[in-house]
Amino acid sequence: MNREEFLRTIIKDRYGSLRAFAKNIDMPYTTLVSMLKRGISNTGIDNFLKICKHLNIPPESLYGNDATFLDRSNITLIRNINLLSAENKKLVLDYIDFLKNSAHIDLEIKSYYKLNSSNKDKIKEYSDRLYNSQKNKKRCYFSKTPK
């Protein structure tokens, strides 16, 4: 996926359409479409930075060999993390830090890929629960039962 396809995917995912995004950031629709057709490297810096700012994407991530934002599976991951509550984001980021700093990271990654589909489903279910728990934020209050 190239940079323009990535931007188009993120915009449609978050705003529903290019037209809605253009209106939201106060940019002519034709300017946005033109940028995505002819390439963002041929656009003015002000428009490029405006788009990155509203999509919450570091501008430098779209240049060079940084494929993080150009991989479709990472787009979904980034979107899902952004939808989490601050508390759940912290849990996910703490876990990512744990993985990055783990002495056994290769073993952990290999273990993940060896999981059967049932266990992968359980991981997905857990991440969905984290996401849904913020949407349906219910607090449980425990009280002591009278003696």
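The values are calculated or read from the model by the stated rules, or taken from the named source; none is laboratory data. As the structure is a prediction and not an experimental result, all values here were calculated from the model. Neighbour counts run over all protein chains shown; Cβ positions are idealised from the backbone, glycine included. All accessible areas refer to the heavy atoms of the entire protein, side chains included, with ligands and DNA or RNA removed. Shrake-Rupley method; radii C 1.70, N 1.55, O 1.52, S 1.80 Å.
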- Message: I'd like to check something: does the range 44-53 contain any residue that is assigned to a helix (DSSP H, G or I), hydrophobic (A, V, I, L, M, F, W, C) and touching a residue at least 40 places away in the same chain (Cβ under 8 Å)?
- Response: yes
- Task: Kindly indicate the residue of the range 70-117 that is at pLDDT below 70 and assigned to a loop (DSSP other than H, G, I, E, B) and also most open to solvent (accessible area, probe 1.4 Å) among those meeting that condition.
- Result: LYS114
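Suppose we keep only residues that are among the hydrophobic types (A, V, I, L, M, F, W, C) and assigned to a loop (DSSP other than H, G, I, E, B) within the range 54-69. Which one would you say is modelled with the lowest pLDDT?
Applying the filter and picking the extreme gives ALA67.
Give me the residue from the range 19-46 that is basic (Lys, Arg) and under 16 Å from THR9 (Cβ atoms) and, out of that set, surrounded by the most Cβ atoms within 10 Å (Cβ to Cβ). It would help to see each step written out before you state the result.
Residues of the range 19-46 that are basic (Lys, Arg), as a first pass: 19, 23, 37-38.
Okay, now just the ones that are also under 16 Å from THR9 (Cβ atoms), so 19, 37.
Working: ARG19: 13, LYS37: 10.
By that ranking, first place goes to ARG19.
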